[in-house]
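See structure below.
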Amino acid sequence: MATTEVTISPEELKKSSSPERIPDPCVVVIFGASGDLTKRKLLPALYHLEQGGLLPSKFAVVGVARRPLGDEFAQDMRDGIVKGGGVDAKDAKLDEFMGKVNYHAMNFDDADGYIKLKQLLETLDKKHGTNGDRLFYLATAPDYFAEIVHQLGAHGMAKPEKGMVRVIIEKPFGHDLQSARELNDDVNKVLSEDQIFRIDHYLGKETVQNILVFRFANGIFEPIWNRNFIDHVQITAAESIGIEGRGPFYEKAGALRDVVQNHAMELLSFVAMEPPVSFGAAPIRTEKVKVWKAIQPIQMRDTVRGQYGQGDVDGKSVIGYRKEERVNPASNTETFAAMRFHIENWRWAGVPFYVRAGKRLAKRATEITIQFKQPPMLLFKDSAGTGKCDEIQPNIISMRIQPNEGISLRFAAKVPGTTMQSCPVNMDFDYATAFGVSSANGYERLLLDAMLGDATLFAHRDGVEATWSLMTPILEEWAADPPKDFPNYAAGSWGPAASDALLARDGRQWRKL
Ligand code: BG6
């Protein structure tokens, strides 16, 4: 089984895109370019687009960061493209592409730096014929987002002179409802909403987009996609990695802000939303927000938090969270969060959605499980308790977002033989087998869409505020009542016992992944 992320290869990407999907000439300016994201994800993604012939020929990239890096920057980015992007170091187009990559050192609050940046962009316009179109990508620490947007405005770079100026803003967008609102207000003072692209890289994943195709391009699932047939839904975003040296960031974030408020809530909305009137930014956004707004305030008893202690992951002993670099040795930051949601609408009333996300869990697996109700009577109940078919299992549709991307349907089949025994079996769709895989990441699609001005797969102001208004009361209650039992799960396990108890209380259990 392939374990790489699935996206379509550059050639397939090109085939699936009509010629008019190639953006106009532009310069992509990445703030925070010395960070990991630029090297591991953004530059490889831009290069995959280049390989696929999807970038305009008149194009340039400017990395902006505080350190004076000079040529070191280009070397580092090249390494990132080769290692992170799985590109052959001798690839014919690589040198040519690197010739378009520039670096500008400045402090993000330094007016002089913006004056020089503007001059650099004008020089690049002349050199590459990029015509004044800009895509700014804010990949800095979140504290700088408002400042950078303000400075771009103050230095005449936020409004297009001719073509377009768009700004991609990385997550986390705010750290609670109030700060998200303030950030929205700040950036909206300078930019119109159609210039702002709030990125959630989960929406760039093929498997996430496929949830909508699965539901709305097939006739057989939608009729049973509701409270009459579905018992409950589980969403797991499990990671076996720890915090990867990001102590200061993670200390302020925690699992709920880092993954649940954004990635997990996006997954939940795709599973739960009504069919949009069309596949466009506004209709999809409307349906997503309707789902989040229909979620009932979350009860504290429906939440679980955890923090990993020392343990074994993949056969190796790893340290506990409190011992990680630049982490408070008495930290109360949660590295695991689980909760139960109730979506009070016509389709979902009474169907719990259980969500869990965490670091240093037993394996990396992002998966959605739709568990159906049992048939009204168990005609073959005597078949239970026989060997591997030890009990009659409900039907399940499981969507593997990553790794081993695919979708399975579990149903009962008759065991060959003279008795009437049934056994759960799987019908499997596997991306790797059906389409092949490449090492590309979901950022290609999102960068391309932003260059083209397509906001369908980006978060909108209303959505960000809707998810924060669900999460903020939990964060506040957690902060007011510090955990007494941290660390409460061993690295390499499936999280704290309370997470299992959350489902056990309802007579359910997390699916074994
Ligand atoms: C990021 C989080 O948004 O998503 C990380 O900040 C997390 O902590 C990552 O590891 C997970 O992304 P993926 O694509 O590896 O599932």
Taking 0.36 nm per residue of sequence separation and subtracting the Cα-Cα distance, how much length would be gained by fully extending the chain between Val425 and Val277, in nm to one decimal?
49.7 nm
Beta bridges per DSSP with both ends in the chain, % antiparallel, nearest 5:
60
Hey, what angle do you get for helix 443-452 against the long axis of the chain, alpha-carbon based, 0 to 90 degrees rounded to 10?
50
Counting only helical runs of four or more DSSP H residues, what would the 222 nm mean residue ellipticity of the chain come to if each run contributes -39,500 (n - 2.57) and the total is spread over all its residues?
-9500 deg cm²/dmol
Sequence gap at least 6, Cα distance under 8 Å: using those rules, report the relative contact order of region 20-93 to the nearest whole percent.
44
Please figure out what share of the DSSP beta bridges in region 10-199 is antiparallel and state it in percent, rounded to the nearest 5.
0
Note, region 275-292: 3J(HN,Hα) by Karplus (6.51, -1.76, 1.60, θ = phi - 60°), whole Hz, Gly/Pro = x, goes x, x, 5, 7, 8, x, 4, 5, x, 5, 3, 4, 5, 5, 4, 4, 5, 4
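Over the chain, what is the relative contact order in percent, taking alpha-carbon pairs closer than 8 angstrom and at least six residues apart? Walk me through the numbers before you get to the answer.
Working: 975 pairs, mean separation 102.1, N = 513.
Relative contact order for the chain comes out at 20 percent.
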For the chain, find the longest principal axis of its Cα atoms and tell me its angle to the long axis of helix 145-154, 0 to 90°, nearest 10.
30
For the chain, accessible area per residue (1.4 Å probe, heavy atoms of protein chains only), Å²
44
Could you run the Karplus curve 6.51 cos²θ - 1.76 cosθ + 1.60 with θ = phi - 60° over region 484-495 and give me ³J(HN,Hα) per residue in whole Hz, x for Gly and Pro?
9, 10, 6, x, 10, 8, 7, 3, x, 9, 9, x
Hey, can you grab everything whose amide H is under 5 Å from the amide H of Val62? Only 5+ residues off in sequence or another chain; H modelled, so Pro and N-termini drop out.
Val28, Val29, Ile30, Asn102
The answer for Thr366, listing residues at least 5 apart or on another chain whose modeled amide H is closer than 5 Å to its amide H, is Ala238, Ile401, Gln402
Number of Lys pairs in region 204-504 closer than 18 Å at Cα, excluding neighbours under 8 places apart unless interchain, is 10
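What's the longest bit of the chain with no exposed trypsin sites (Lys or Arg not before Pro), using DSSP loop states and at most 12 other Cβ atoms within 10 Å as the test?
Between the exposed loop sites, the longest stretch runs 163-325.
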For region 10-199: relative contact order, % (alpha-carbon pairs under 8 angstrom, 6 or more apart):
23
Using only C-alpha atoms and all pairs of different ones, pull out the Kirkwood radius for the chain in Å with one decimal.
24.4
Under 25 Å Cα to Cα from Lys162, which lysines show up? Leave out anything in the same chain fewer than 8 places away.
Lys58, Lys100, Lys116, Lys118, Lys126, Lys127, Lys189
Could you work out how far helix 461-480 tilts from the main Cα principal axis of the chain, as a 0 to 90 degree angle to the nearest 10?
70
For Asn488, list long-range residues whose amide hydrogen, built 1.01 Å from N in the peptide plane, is under 5 Å from its own amide hydrogen.
Gln307, Gly309
Accessible area of the chain with a 1.4 Å probe: how many percent of it is carbon plus sulfur?
53
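The values are calculated or read from the model by the stated rules, or taken from the named source; none is laboratory data. Here the structure is a predicted model, which is why all the values come from computation and not from measurement. When we count neighbours, we look across all protein chains shown, and the Cβ atoms used for this are built from the backbone with ideal geometry, even at glycine. What goes into the accessible areas is simple: the full protein's heavy atoms, side chains included, and nothing from ligands, DNA or RNA. Shrake-Rupley method; radii C 1.70, N 1.55, O 1.52, S 1.80 Å.
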